[in-house]
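Colleague: One structure, as structure tokens, below. Some questions next.
Read-outs: derived from the displayed coordinates by stated rules, not from any lab. These figures come from a predicted structure and were not determined experimentally. In this analysis, Cβ positions are derived from the backbone assuming ideal geometry, glycine residues included, and neighbour counts consider all displayed protein chains.
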Amino acid sequence: MTENVIDKVYIDGEFVTPHGAELFDLFNPATGEAIGQVRLADGVDADAAVAAAKRALPAWSSTTTAERIDALARLRDAVAARRDELLEAVIVEYGAPVRNAWMADSPLGAFGDMIKTLEGFEFTRRIGTATVEMAPVGVAALISPWNSDAFFIADKLATALAAGCTVVIKPSEMSATQTSVMTRAIHEAGLPAGVINIVTGLGEVVGTALTRHPDVAKISFTGSTPVGRTILREAADTFKRVTLELGGKSPSIILDDADLDAAVVGAFASGFVNSGQACVAGTRILVPESRLEEVLEVVRKKIADFPAGDPRDEATAIGPMVSQKQWERVQSYIRRAIEEGARLVAGGPGRPEALPDGYFVRPTVFAGVTNDMTIAREEIFGPVLSILTYRDEDDAVQIANDTDYGLHAYIFSADPDRARRLASRLQAGRVSINGGYESLSPFGGFKHSGIGREYGPYGLEGFLEPRSIMS
């Protein structure tokens, strides 16, 4: 991919030069080399995008379910036509291993899942003698993160459009190349002007403008807990509806009846997912005291199956961190863990020996971790896992729930019924048993992991307001 300048935003159905003039450098995290720049939108651009969405709202909110399904299908097909281009952008700009092709395919699934949701969704319901209409909340601002740019754009966009909302999308400036591919596909889908607007800019500039804008009725944000806290405060003045999908410190609980080889591989898969740059990463591995040494033996054997390396190498499981700043953040946590007395089982500080360039982190596992250590309490957002021990199931539940977060949890057991009973005691928005997954189930967190839910019918209802009509 040659160096380029992305110098357009998408407002009212047109590619326009932003009012903002600041340029932001883009890098290939696997090499550290510059690959281009993006011209950032500012508050003036945000205002123009909101105005366009507001003008388009009356007509779009009046569309039928069939018309919305048709629009989502056109969006899905347009993105599918650019799938290879999107995958290349994901590899070059984000450093995702080529085996993470799901990052280019997941937007298609997001559109498809919302089509399926719409097909069975009732916008008009009867409650006693009342008719309840589920009405679109209005103009929605969708603020997406850098760690899975195309998916978050597609998922939030599909849900808002399905509800009858018009949107302003503010993607991360760090994902501008991926956003550019998605924007061109969205334009090619041919939806009415103003229904979708995309303004790439800094959170403290464009994000703040959207959060405070009186004509924005809904904020859907995925990102860090501190930023989510700020958005919640700023949205309060105008009583915006808010969905926040924030950080996590997810436990992976290996029960004493589990097949340890399979459980450790499953725990690594959840912990190292997306190179560890995932809010759902199972970074705390809880194991029975009685089987700790067995687990450590398997860990030392299986860690070789999760190598960091060239994103274009099919064998690579863990790519680079997204930026130098993120690399330094992860390194600081590794050093802090050693200082606090955690025992290094695999990995450690610095880059892997064969990878002197780029923002690579050695896949790292610590044992001897207690729940009061920094690495057990704070979200690292890198390939750094902690092994903690528990005495019995009650102790496991206490340790798992002893966190500010509650986004996801994982359980590995030979007894699904036992695992389900344990799952019901965990303070987590989603619990995966032995790798189970359902894309239409609600996604979101307890406690500091967020407010509201995304995906499927629960996500759709987050963009709707019930209106009761009684006669």
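Colleague: Using 0.36 nm times the number of residues separating Arg343 and Asp404, minus their current alpha carbon distance, what extension gain do you get?
Modeller: On the way: separation 61, 0.36 × 61 = 21.96 nm, distance 2.41 nm.
Working it through step by step, the gained length comes to 19.6 nm.
Colleague: Given Cβ point charges of +1 (Lys, Arg) and -1 (Asp, Glu) and nothing else, what value in debye, to the nearest 20, does the dipole of region 156-235 about its Cα centre take? It would help to have the intermediate numbers written out before the result.
Modeller: Values: 7 positive and 5 negative charges, 38 e Å.
I would put it at about 180 debye.
Colleague: What relative contact order, as a whole-number percentage, does region 359-471 give when Cα pairs under 8 Å and 6 or more residues apart are counted?
Modeller: Numbers: 145 pairs, mean separation 20.2, N = 113.
18 percent.
Colleague: Would you grab the residues whose amide H sits under 5 Å from the one on Thr389? Only those 5+ places off in sequence or on another chain, please, with H modelled 1.01 Å from N.
Modeller: For Thr389, the qualifying residues are Val287.
Colleague: Between Asp372 and Arg300, with labels modelled 7 Å along Cα→Cβ, what's the label distance in nm to one decimal, could you check?
Modeller: With each label placed 7 Å out from Cα toward Cβ, I get 3.0 nm.
Colleague: Now a separate question. Provide the packing ranking of 326-333, 272-279, i.e. peptides ordered by the mean count of other C-beta atoms within 10 Å per residue, highest first.
Modeller: Values: 326-333: 17.4, 272-279: 23.5.
Averaged packing, sorted descending, gives the order 272-279, 326-333.
Colleague: May I ask you to evaluate 6.51 cos²θ - 1.76 cosθ + 1.60, the Karplus curve with θ = phi - 60°, for each residue of region 80-95 and list the ³J(HN,Hα) values in order in whole Hz, giving x for glycine and proline?
Modeller: After applying 6.51 cos²θ - 1.76 cosθ + 1.60, I find 4, 5, 10, 4, 5, 5, 5, 4, 4, 5, 4, 5, 6, 8, 9, x Hz.
Colleague: So what are the radius of gyration and Dmax for the Cα set of the chain, in Å?
Modeller: According to the Cα coordinates of the chain, Rg and Dmax are 22.4, 74 Å.
Colleague: I'd like the Karplus ³J(HN,Hα) series for region 271-282: coefficients 6.51, -1.76, 1.60, θ = phi - 60°, whole numbers in Hz, and an x wherever there's a Gly or Pro.
Modeller: Result, ordered by residue: x, 9, 3, 6, 6, x, 8, 8, 5, 8, 4, x Hz.
Colleague: Moving to a separate point now. Just name one of Met182, Ser61, Ser386: the one whose Cα is farthest towards the positive end of the charge dipole of the chain (beta-carbon charges, Lys/Arg +1, Asp/Glu -1).
Modeller: Checked the options; the winner is Ser61.
Colleague: Cα to Cα, under 20 Å, and not fewer than 8 places away if on the same chain: which aspartates and glutamates meet these conditions relative to Lys116?
Modeller: Glu67, Asp70, Asp77, Asp105, Asp155, Glu438, Glu454, Glu461
Colleague: Where in region 381-471 are there GluC sites (Glu not before Pro) that are in a DSSP coil and have at most 14 other Cβ atoms within 10 angstrom of their Cβ? Intermediate results must be reported in sequence, preceding the final value.
Modeller: Details: sites: Glu393, Glu438, Glu454, Glu461; in loops: Glu438.
Answer by residue number: Glu438.
Colleague: Which whole-number percent of Cα pairs in region 291-335 have a distance greater than 14 Å?
Modeller: Working: 644 of 990 pairs.
I get 65 percent for the Cα pairs in region 291-335 exceeding 14 Å.
Colleague: Starting with the highest mean, order 440-452, 85-97 by the number of other Cβ atoms within 10 Å, averaged over the residues of each peptide. The partial results should precede the final answer.
Modeller: Values: 440-452: 20.2, 85-97: 24.1.
Highest to lowest by the protection proxy: 85-97, 440-452.
Colleague: Sticking with this one: Need one number: % antiparallel among DSSP beta bridges in the chain, to the nearest 5.
Modeller: On the way: 26 of 64 bridges.
Counting DSSP beta bridges with both partners in the chain, the antiparallel share is about 40 percent.
Colleague: Can you bin region 188-338 into rounded, prolate or oblate? Criterion: square roots of the alpha carbon gyration tensor eigenvalues sorted a ≥ b ≥ c, rounded for a/c under 1.5, prolate for a/b above b/c, oblate for the rest.
Modeller: Values: a/c = 2.43, a/b = 2.02, b/c = 1.20.
Because a/c hits 1.5 or more and a/b exceeds b/c, region 188-338 counts as prolate.
Colleague: Using the 2.2 N^0.38 Å rule of thumb for compact globular proteins, work out how region 338-471 stacks up: its C-alpha Rg over that value, please. Present the calculation step by step, with values, prior to reporting the outcome.
Modeller: Details: Rg = 19.3 Å, N = 134, 2.2 N^0.38 = 14.1 Å.
Relative to the 2.2 N^0.38 Å estimate, region 338-471 comes out at 1.36.
Colleague: Working from the pairwise distances between different alpha carbons, so that the mean of 1/r is found and then inverted, what is region 251-440's Kirkwood radius in Å?
Modeller: On the way: mean 1/r = 0.0604 Å⁻¹.
Kirkwood radius, region 251-440: 16.6 Å.
Colleague: Can you find, among Thr131, Gln427, Val79, the residue farthest towards the positive end of the dipole of the chain? Put +1 on the C-beta of Lys and Arg, -1 on that of Asp and Glu.
Modeller: Thr131
Colleague: Assuming 0.36 nm per residue, please report the length gained on full extension of the stretch Asp415 to Glu353 beyond their Cα-Cα distance.
Modeller: Numbers: separation 62, 0.36 × 62 = 22.32 nm, distance 4.12 nm.
The Asp415-Glu353 span can extend by a further 18.2 nm.
Colleague: With charges set only on the Cβ (+1 for Lys and Arg, -1 for Asp and Glu), what does the dipole of region 251-440 come to about its Cα centre, in debye to the nearest 20? Don't jump to the answer; show the numbers that get you there.
Modeller: On the way: 20 positive and 29 negative charges, 99 e Å.
My answer is approximately 480 debye.
Colleague: May I pose another question? Which residues' amide hydrogens lie under 5 Å from the amide hydrogen of Gly20, considering only partners 5 or more residues apart or on another chain, with H built in the peptide plane?
Modeller: Residues meeting the amide H criterion: Asp42, Asp45.
Colleague: May I ask you to sort Ile433, Ile375, Ile254 by Cβ crowding, counting other Cβ atoms within 10 Å and putting the fewest first?
Modeller: Working: Ile433 17, Ile375 22, Ile254 27.
If I rank by nearby Cβ atoms, fewest first, I get Ile433, Ile375, Ile254.
Colleague: What size of dipole, in debye to the nearest 20, comes out for region 416-471 about its Cα centre when the only charges are +1 on Lys and Arg C-beta atoms and -1 on Asp and Glu C-beta atoms?
Modeller: Numbers: 8 positive and 5 negative charges, 71 e Å.
Dipole size: approximately 340 debye.
Colleague: How much length is gained on full extension from Asp256 to Tyr458, taking 0.36 nm per residue of separation minus their Cα-Cα distance?
Modeller: Difference between extended and current length: 69.3 nm.
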